[in-house]
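Inspection log for the structure reproduced underneath, given as structure tokens.
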Amino acid sequence: MSTESTTGPSPRTTVRRGKNRAEYDQEHIRSILAAGVVAHVGVTTDDGPIVLPMAYGVRGEEILIHGAVANAMMKAGRTLDVCLTMTIVDGLVIARTPFHNSMNYRSVVVRGIATAIDDPADKMAALKVINDHVAPLWDTARAPSESDYRKTLVLSVPLTEASAKVRGEGPIDEDIDMEGPHWAGVVPLTSTWGEPEPAADLRGTPAVPNAVTALAGTIAHQP
Ligand SMILES: Cc1cc2nc3c(=O)[nH]c(=O)nc-3n(C[C@H](O)[C@H](O)[C@H](O)COP(=O)(O)OP(=O)(O)OC[C@H]3O[C@@H](n4cnc5c(N)ncnc54)[C@H](O)[C@@H]3O)c2cc1C
């Protein structure tokens, strides 16, 4: 599938505040999504709005999410108006006054209609994409059972109405504070995967999958 940018921002995904930090290029948005692990998916339900953290995967020009059919969000319908947000915090920005403290970050907001994937082959392929987003284990692990498959709803959200915002700089202080006594700077934040810990009930001596070994020490899920 094409990775060319298909659209610019829509009126509602045009960043107004901090527009110098906005990115709409599909490649850039995809690279941020590739580095993340969890998306927060917001939807309006009969109970009111709910935002749930979820795993996700990116395939072509769609972002894929899945959940139990009984999950509050999935129960809301098979066609949902959603807002999906993914955030990576890269650092704490300490200014000379706390009012100007900030964070360095890469964030993506995707707005659109999520639709259920019903075609069995496509649904299975989508489940693999979501599973393999962090560690490609789908092809070497036990395949899902018929019941796992039936209990899971997979939704596709088009990546066309999306924006990214990126901050990657030091504090922005006021002139009156520049000669003052207060420290200012950035405290970087990096998340890395640790050494794999075998399950307490692991039987025999199965080898640690290469996809798992490869994670240790890497940043987020990037190899
Ligand atoms: C880690 C982190 C912490 C933040 N903390 C604060 C905070 O404490 N207070 C605060 O006011 N803001 C904070 N922000 C910024 C916040 O996400 C919004 O960008 C900002 O508040 C402007 O909101 P708005 O509704 O006025 O944006 P507008 O510019 O009016 O938003 C219009 C459209 O721009 C896009 N957009 C807006 N924000 C983002 C984003 N972050 N990423 C991708 N697309 C976006 C969306 O498509 C949105 O529909 C934080 C951001 C991050 C990533």
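The values are calculated or read from the model by the stated rules, or taken from the named source; none is laboratory data. All of these numbers come straight from a predicted model, not from anything done at the bench. In this analysis, Cβ positions are derived from the backbone assuming ideal geometry, glycine residues included, and neighbour counts consider all displayed protein chains. In case anyone asks, the SASA skips ligands and DNA or RNA and just uses the protein heavy atoms, side chains included. Shrake-Rupley method; radii C 1.70, N 1.55, O 1.52, S 1.80 Å.
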Check: In the range 170-207, which residue that is surrounded by fewer than 12 Cβ atoms within 10 Å (Cβ to Cβ) and β-branched (Val, Ile, Thr) is farthest from residue 21 (Cα to Cα)?
Finding: 205
Next item on the list: Being open to solvent by 50 Å² or more (accessible area, probe 1.4 Å), within 13 Å of the ligand (Cβ to nearest atom) and of a type outside the set (S, T, N, Q) is the filter here, so list the residues in the range 4-24 that pass it.
Entry: 9, 11, 12, 16, 17, 19, 23, 24
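For (1) assigned to a strand (DSSP E or B); (2) closer than 24 Å to residue 11 by Cβ; (3) open to solvent by less than 30 Å² (accessible area, probe 1.4 Å), each residue gets a yes or a no:
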{"site": "31", "(1), (2), (3)": "no, no, no"}
{"site": "40", "(1), (2), (3)": "yes, yes, no"}
{"site": "44", "(1), (2), (3)": "yes, yes, no"}
{"site": "51", "(1), (2), (3)": "yes, yes, no"}
{"site": "64", "(1), (2), (3)": "yes, no, yes"}
{"site": "67", "(1), (2), (3)": "yes, no, yes"}
{"site": "73", "(1), (2), (3)": "no, no, yes"}
{"site": "80", "(1), (2), (3)": "yes, yes, yes"}
Item checked: Single residue of the range 82-93 satisfying the filter (open to solvent by less than 20 Å² (accessible area, probe 1.4 Å) and within 12 Å of the chain's Cα centre (by Cα)) that is farthest from the ligand (Cβ to nearest atom) -> 84
Next item on the list: Could you please find all residues in the range 129-160 being open to solvent by less than 40 Å² (accessible area, probe 1.4 Å) and within 16 Å of the ligand (Cβ to nearest atom)?
Entry: 157, 159
Margin query: Here are the criteria: (1) within 11 Å of the ligand (Cβ to nearest atom); (2) farther than 30 Å from residue 177 by Cα. Tell me which single one residue 102 does not satisfy.
Written below: (2)
Note to self: Among (1) closer than 26 Å to residue 64 by Cβ; (2) of a type in the set (Asp, Glu); (3) open to solvent by 60 Å² or more (accessible area, probe 1.4 Å), there is one condition residue 122 misses while meeting the rest; what is its number?
What the structure shows: (3)
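Give 63, 50, 29 a once-over and let me know the one that is within 11 Å of the ligand (Cβ to nearest atom) and either out of contact with any Ser or Thr (no Cβ under 7 Å at 6 or more places or on another chain) or free of Cβ contacts under 8 Å to residues at least 60 places away in the same chain (or both).
29
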Item checked: Number of the condition not met by residue 96 [criteria: (1) open to solvent by less than 30 Å² (accessible area, probe 1.4 Å); (2) within 30 Å of residue 173 (Cα to Cα)] -> (1)
Item checked: Members of the range 103-120 that are more than 17 Å from residue 166 (Cα to Cα) and aliphatic (A, V, I, L, M) -> 113, 114, 116, 117
Next item on the list: Output the number of residues of the range 82-102 satisfying the condition of being more than 22 Å from residue 162 (Cβ to Cβ) and either outside any strand (DSSP E or B) or among the hydrophobic types (A, V, I, L, M, F, W, C) (or both).
Entry: 10
Margin query: As an exercise: evaluate residue 180 against (1) farther than 30 Å from residue 43 by Cβ; (2) under 19 Å from the mean Cα position of the chain (by Cα) and give the number of the one condition it does not meet.
Written below: (2)
